Amino acid sequence: AMAIATTLKSYLEDHHVEYDMVKHPHSSTALESAHSAHLPSHQVAKAVVLEDANGYIVGVVPSTNRLEMEWLNESLGRKLKMASEDELPDLFKDCEFGAVPALSNAYGLDVIWDEQLTNASEIYIEAGDHENLIHLHGEDFCKLMEDLPHNIISTGRDYSRWIDD
């Protein structure tokens with residue numbers, strides 16, 4: 001198994017960012033990864049691939065939260081919707097199916113990230129498979145992301161459940 005996708009490894013090395021790997025039992029979502037690795041789930045970032053007529057953008061939010069499409073679209077002036085899963089392998093060629101790394105700019109993709117992630121002292125992101133997370137210091141993550149669009153684009157579970165009801 002590769003543990004970390006080559007593209008991410010080079011990206012982190014090029015930016016001189018210290019990181020380490022956290023191995024966890026196989027899981028299919030960032031939130032499950034957080035639980036199976038016994039990590040605070042707000043420190044695990046999940047990446048959601050979105051698309052519209054202008055192309056792709058990846059929304060990066062705490063794994064505990066759900067992306068609020070209206071806020072994101074308003075923030076970017078776009079009409080994004082979820083990209084279909086079968087388009088992902090072409091975007092992340094060195095990743096396992098469904099494992100989308102939050103540092104998607106390493107893959108030449110546009111990214112918008114949730115400002116709530118600046119509150120986490122440590123950040124864990126998908127490494128490109130379903131058994132490893134990359135662990136970064138929060139400030140290093142923010143340094144990598146600071147020039148990319150960011151806003152409040154997600155809400156915690158409880159709040160969104162209240163809206164859904």
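Show me the strands (runs of 3 or more DSSP E) entirely contained within region 1-69 in which 2 or more residues are at pLDDT 90 or above and open to solvent by 30 Å² or more (accessible area, probe 1.4 Å).
Numbers: elements: 20-23, 44-52, 55-62, 65-67.
Per the criteria, 20-23, 44-52.
From Asn73, Asn105, which residue is surrounded by fewer than 21 Cβ atoms within 10 Å (Cβ to Cβ), outside any strand (DSSP E or B) and within 11 Å of the chain's Cα centre (by Cα)? Give the derivation first.
Values: Asn73 fails: within 11 Å of the chain's Cα centre (by Cα).
That would be Asn105, the only listed residue that is surrounded by fewer than 21 Cβ atoms within 10 Å (Cβ to Cβ), outside any strand (DSSP E or B) and within 11 Å of the chain's Cα centre (by Cα).
Are any of the residues in region 80-91 under 25 Å from Asp140 (Cβ atoms) and either surrounded by 15 or more Cβ atoms within 10 Å (Cβ to Cβ) or over 14 Å from the mean Cα position of the chain (by Cα) (or both)? Spell out the reasoning first.
Filtering region 80-91 down to residues under 25 Å from Asp140 (Cβ atoms) leaves 91.
Now restrict to residues that are either surrounded by 15 or more Cβ atoms within 10 Å (Cβ to Cβ) or over 14 Å from the mean Cα position of the chain (by Cα) (or both): 91.
Looking for residues that are under 25 Å from Asp140 (Cβ atoms) and either surrounded by 15 or more Cβ atoms within 10 Å (Cβ to Cβ) or over 14 Å from the mean Cα position of the chain (by Cα) (or both), one finds at least one in region 80-91, hence yes.
Of all residues being among the polar types (S, T, N, Q) and more than 20 Å from Gly108 (Cβ to Cβ) in region 70-91, which is modelled with the highest pLDDT? Just the residue, please. Outline the logic, then answer.
We begin by selecting, within region 70-91, every residue among the polar types (S, T, N, Q); these are 73, 75, 84.
So of that shortlist, the ones also more than 20 Å from Gly108 (Cβ to Cβ) come out as 73, 75.
Values: Asn73: 96, Ser75: 93.
Only one residue fits best here, namely Asn73.
Identify all residues within region 126-146 that are in a loop (DSSP other than H, G, I, E, B) and touching a strand residue (DSSP E or B) at 6+ places or on another chain (Cβ under 8 Å); write none if there are none. Spell out the reasoning first.
So in region 126-146, the residues in a loop (DSSP other than H, G, I, E, B) come out as 127-131, 146.
The answer is Ala127, Glu131.
Which numbered condition trips up Ile123, out of (1) assigned to a helix (DSSP H, G or I); (2) at pLDDT 95 or above?
(1)
Which residue is nearest to Pro101 (Cα to Cα), if the candidates are limited to region 23-49 and must be under 12 Å from the mean Cα position of the chain (by Cα) and aliphatic (A, V, I, L, M)?
The extreme case among them is Ala47.
The values are calculated or read from the model by the stated rules, or taken from the named source; none is laboratory data. Fair warning: this is a prediction, and the values are worked out from it, not measured in the lab. Cβ coordinates were reconstructed from backbone atoms using ideal geometry, including for glycine residues, and neighbour counts include every protein chain displayed. Note: areas computed on protein heavy atoms with side chains; ligands, DNA, RNA excluded. Shrake-Rupley method; radii C 1.70, N 1.55, O 1.52, S 1.80 Å.
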